[in-house]
Amino acid sequence: MSEKQKFLIATIAIWAVKTLIIWLTCGWLFSWVYKIPPVNIWLEPQVMMSVKNMLYSNVIALLMSGLFVWVYTIIYKGVPGTGIKNGINFGILIWLVSALPGMASMPFFMTIATTVIIYWIIQALVINIVSGLILGAIYKNKL
């Protein structure tokens, strides 16, 4: 498999799995966290689910998945572990330097329920680990 094929497969797989996880957790299993006050910060459901919002949010999610893969292809040699462990470690490292500090500071700048932020931090960790696992599985022959 060529490097371009690996990149495209990894990007699409990560995007699809992230979308599924978010849909299952935010849209169903943990949807109750979005009802914790203050609730006036969220867009109306019909606006969130509009064609325009769905299209733009999926384009951004696809681009972010591509960036995740691209950064991995650059720094994977510096990440501990091999194969799947390397990918998982990469996911955890990205979470540690991006999602965790970014989300942990939210209560100081936004009116948002702390429970939502804790949920997002945990969800981001799970998504990054799963995304890293996908990367490690696809790129294992490269390492």
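Read-outs throughout are calculated quantities, based only on the coordinates presented, and are distinct from any laboratory measurement. Quick caveat: nothing in here was measured; it's all calculated off a predicted structure. Counting neighbours? That spans all protein chains shown, and the Cβs are built from the backbone with ideal geometry, glycine included.
Using the Karplus relation 6.51 cos²θ - 1.76 cosθ + 1.60 with θ = phi - 60°, the per-residue 3J(HN,Hα) values for the stretch 103-111 come to 7, 5, 8, 4, x, 7, 10, 9, 8 Hz, with x marking Gly and Pro.
The residue among PRO37, THR19, ALA137 whose Cα reaches farthest toward the positive pole of the charge dipole of the chain, with charges on the beta-carbon of Lys, Arg, Asp and Glu, is ALA137. Lys-Lys pairs in the stretch 1-141 that are eight or more residues apart or on separate chains and whose Cα atoms lie under 16 Å of each other come to 5.
Pairs of Cα atoms nearer than 8 Å and 6+ residues apart set the relative contact order; for the chain it is 35 percent. Relative to the Cα centre, the charge distribution of the chain, modelled as +1 at Lys and Arg Cβ and -1 at Asp and Glu Cβ, gives a dipole magnitude of about 400 debye. Only helices enter this figure: runs of n ≥ 4 DSSP H residues, each worth -39500 (n - 2.57), summed and divided by the residues of the chain, yield -21500 deg cm²/dmol at 222 nm to the nearest 500.
Here are labelled values, (i) 30, 18, 12; (ii) 32, 15, 10; (iii) 25, 17, 14, and one is the computed semi-axes √(5λ) of the Cα gyration tensor in Å for what I pasted. Which one? The value computed from this structure is option (i).
Helices of the chain meeting both criteria, an alpha-carbon length of 30 angstrom or more along the long axis and an average Kyte-Doolittle score not below -0.5, with helices taken as full DSSP H segments, are 3-24, 51-75, 114-139.
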